[in-house]
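Engineer: Before I ask anything, let me first share the structure, which is written out below as structure tokens.
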Amino acid sequence: MRRFNNFGLLFFILLTLVSTAQKKVRSPDYLMRLDSKQDFDLLKGEPLSKNFNGIECVKVVYVMQTKKLFYLESKRYKWHYTFITDVLGDHQDLSTFNELNYQPQHRDYILATFNYNVNTKNYFLQFASCDNPSDQQIDILVQKIAATFFKQNQFKILLNSTILLRRKKEISLKHATISSDELFKNQNFQSICKGKTTGILKYIHADSIKEGRNYANYILVLHGSSNQLPLCKGLITNEFQTPLSHICLLTNNRHTPCAAQKNIFNIDSLKKLNNQLVELIVTESSASIRSAAFSKDNKPVKSLPKIKLKADTQLTTITDLTALSYKNKIAYGSKVCNLAELKKVKHNGGFVNTPKNAFAIPFHYYHKHIMHGKAGNLINELLRDNLTLNNDSLLAKKLSAIRKAIRKQPLNKEFLNAVTQMCQQRFAKNKVRFRSSSNCEDEANFNGAGLYTSQTGIVGDTSKSIESAIKKVWASLWSLRAFKERSFFNFDHTGVTMGVLVHAAFDNEEINGVAITKNLYRDYDFGFVINMQKGEEEVVSPKAGVTCEQLISYMNNQGIELYDTSEAADWISFSSLHSNSSLMSGDELKEFTLQLESIKNHFFNAYKLWGKMSYKDFALDVEFKVILNSDHKREFLFKQARPYNN
């Protein structure tokens, strides 16, 4: 009996020890010092904003009254306020807390984030975009961290907010600093579209994509960037992308796993897998490629019914955009009607600035041109020819013949005279832009980025004739790239048709750019992502080595005084053509952000296709320019708005 009790006691002790070992040891709520990298790792969490990859963070709180510094357990306490309430026992309401502790006077705490950059193995201190610490408060926090950090003063202050950038010179005289540009350049990895796929690994240069080869079964390792992205299983590029680059838009639209990794061409072990079947996995923080075995149980994919495209080809009115709204897209296309809605956006007692005297050509004239010419027969023959549809080389030749037939056939004289007369009345002999407005682009389920063309025409100019410009826009509907993209999304090609948006060209642009009316980097109710570039250099597909300005503006603050008074914005990078400062002044950026808010609000109410989507999640892709007006003053011009559907 005694032996049984001893055995039972021993078994109970062992079971208790095993159970205790299996339980995860709770990390402390905070530390007062960081005596090693292990201490940092014990507390680290993920940044609230995903502006940069490879950043680990520890929240810090300095108590002004007691002069104590706390390094917070940052997975448990993602917000300074939660720690101060739960651990320090200060139960102010949140609005009062924010009002006090992000301004120089009367604050109880200095709040910041202490970050580690895994790419460069360096540390930096970061303040919130709305924070306005005094010089003395910055000094206090820097000195306290240096005294409690195992690397002492081996860290820098990140200058990436509106407030700190205005004080860049003064802060840099006293402290080591780092810019968002430096941080951005030190990034090695960018997750573009998360996912998992299998395909044959293929190294390729961006320039060779124009050859039109079939890459449907390949995972591409791409050197450079391209507006022409073939259908593929997956993609790794060695160049970082802006949110509105064609690579970002197309891979997210197609749900194709995609990432950017700067050193991808230097990984020798990966080169050994070239032309072999591999598995690609893209996560938020990494991309992995490994050898994969051929699957023996591949099952045929069940064909889905074609998506029918709607079009009214009977309406013949060539009209000013002020006579249209989004409801007219069935006859003019979404690009035309989105710009028509832009013209209705009210802001500060007036309207936002859009291309003046713009007009639209409906689907009718394209349809008539096709049906009464050789191109219509060629299209019908192609869509019945399964052999050609499954052979890219043959398909490219047949599509080329269709485009040639569209361009060769003369336009109806009455139609051409009407368009020429409108151009002459509205634009005289200035350059005119003719832009695609098909029934298969700029929609919530399909943006068609870069698929179709825009052309320039000039009244009376034989080398840049209006007739040629219109026919080239129409013909672009049948490029190999556009055809394959529509096929990928299962659109019925028999219903595709093209309208044309017509407005003056702009040669005097100071800035061009795109904006997304949603915070892509942080789940806020406000904050817009803005990408812009000096002059006419492209934002979505820049030349190699050219970086655009990227920032998140919080100036559409929806009445939150904390962000209003600080005119908060975070910079990710500055333009390489205009380094170290923004292309817009502070006043311009605030006014621009508020105009974007007016645009978002108008379209949210105008669109009826979003169902139960919240205002926060609703987003537009807005194309804009800053131009010099007749008085040589800078003004915003909004060129396009369409649903952002990534």
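Engineer: Does T462 count as free of Cβ contacts under 8 Å to residues at least 12 places away in the same chain and not charged (D, E, K, R)? Walk me through how you get there before you give the answer.
Structural biologist: Numbers: free of Cβ contacts under 8 Å to residues at least 12 places away in the same chain: yes; not charged (D, E, K, R): yes.
Yes: the conditions hold for T462.
Engineer: Shifting gears a bit: Of these, D570, D523, which one is farther than 27 Å from F351 by Cα, acidic (D, E) and assigned to a strand (DSSP E or B)? Show your work before the answer.
Structural biologist: Values: D523 fails: assigned to a strand (DSSP E or B).
D570 is the lone residue from the list that is farther than 27 Å from F351 by Cα, acidic (D, E) and assigned to a strand (DSSP E or B).
Engineer: Looking at region 360-384, which of its residues are crowded, with 22+ Cβ neighbours inside 10 Å and outside any helix (DSSP H, G or I)?
Structural biologist: Residues satisfying the conditions are A360, I361, P362.
Engineer: Give V432, V419 a once-over and let me know the one that is over 35 Å from the mean Cα position of the chain (by Cα) and over 23 Å from T494 (Cβ atoms).
Structural biologist: Values: V432 fails: over 35 Å from the mean Cα position of the chain (by Cα).
Exactly one residue qualifies, and that residue is V419.
Engineer: Take region 255-278 and flag every residue that is part of a helix (DSSP H, G or I) and modelled with pLDDT of 90 or more.
Structural biologist: Narrowing region 255-278 to residues part of a helix (DSSP H, G or I): 264-266, 268-271.
Of everything in region 255-278, those that are part of a helix (DSSP H, G or I) and modelled with pLDDT of 90 or more turn out to be I264, F265, N266, L270, K271.
Engineer: Moving on to the next point. Confirm whether L637 is in contact (Cβ under 8 Å) with a residue 40 or more places away in the chain, buried (at least 17 other Cβ atoms within 10 Å of the Cβ) and in a loop (DSSP other than H, G, I, E, B).
Structural biologist: On the way: in contact (Cβ under 8 Å) with a residue 40 or more places away in the chain: yes; buried (at least 17 other Cβ atoms within 10 Å of the Cβ): yes; in a loop (DSSP other than H, G, I, E, B): no.
Here the answer is no, as L637 does not meet what is asked.
Engineer: Suppose we filter D492, D461 for residues that are of a type in the set (D, E, K, R), surrounded by fewer than 19 Cβ atoms within 10 Å (Cβ to Cβ), in the same structural domain as Y366 (by TED's automatic domain parsing) and farther than 18 Å from A418 by Cα; which single one remains? Spell out how you get there, then give the answer.
Structural biologist: Details: D461 fails: farther than 18 Å from A418 by Cα.
From the options D492, D461, the qualifying one is D492.
For (1) touching a residue at least 12 places away in the same chain (Cβ under 8 Å); (2) outside any strand (DSSP E or B); (3) under 25 Å from the mean Cα position of the chain (by Cα), each residue gets a yes or a no:
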| residue | (1), (2), (3) |
| --- | --- |
| L48 | yes, yes, yes |
| N51 | yes, yes, yes |
| V60 | yes, no, no |
| T82 | no, yes, no |
| F97 | yes, yes, no |
| L111 | yes, no, no |
| N115 | yes, no, yes |
| Y123 | yes, no, no |
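Engineer: Next question. Can you run down the residue pairs with Cβ atoms below 6 Å, 6 or more apart or on separate chains, where the first is in region 465-480 and free of Cβ contacts under 8 Å to residues at least 60 places away in the same chain and farther than 12 Å from K404 by Cα and the partner is part of a helix (DSSP H, G or I) and not acidic (D, E)?
Structural biologist: Between residues of region 465-480 that are free of Cβ contacts under 8 Å to residues at least 60 places away in the same chain and farther than 12 Å from K404 by Cα and residues that are part of a helix (DSSP H, G or I) and not acidic (D, E), the close pairs are I466/T420; E467/L416.
Engineer: Here's a follow-up. Among the residues of region 144-174 satisfying the criterion of being touching a residue at least 60 places away in the same chain (Cβ under 8 Å) and of a type in the set (F, W, Y), which is surrounded by the fewest Cβ atoms within 10 Å (Cβ to Cβ)?
Structural biologist: Among them, the one singled out is F150.
Engineer: Quick check on this structure: which one of G224, G195, G212 is at pLDDT 95 or above, surrounded by fewer than 21 Cβ atoms within 10 Å (Cβ to Cβ) and outside the structural domain of A112 (by TED's automatic domain parsing)? First the steps, then the outcome.
Structural biologist: Numbers: G224 fails: at pLDDT 95 or above; G212 fails: at pLDDT 95 or above.
None of the other options fit; the residue is G195.
Engineer: Could I ask something else about it? Of all residues in region 55-77, which are buried (at least 17 other Cβ atoms within 10 Å of the Cβ) and not β-branched (V, I, T)? Step through it out loud before you land on a result.
Structural biologist: In the first step, residues of region 55-77 are kept if they are buried (at least 17 other Cβ atoms within 10 Å of the Cβ); the result is 55-62, 69-74, 76-77.
Across region 55-77, the qualifying residues are E56, C57, K59, Y62, L69, F70, Y71, L72, E73, S74, R76, Y77.
The values are calculated or read from the model by the stated rules, or taken from the named source; none is laboratory data. Keep in mind the model is a prediction, meaning the values are calculated, not measured. Quick reminder, even Gly has a Cβ in these numbers, built from the backbone with ideal geometry, and neighbours come from all protein chains shown.
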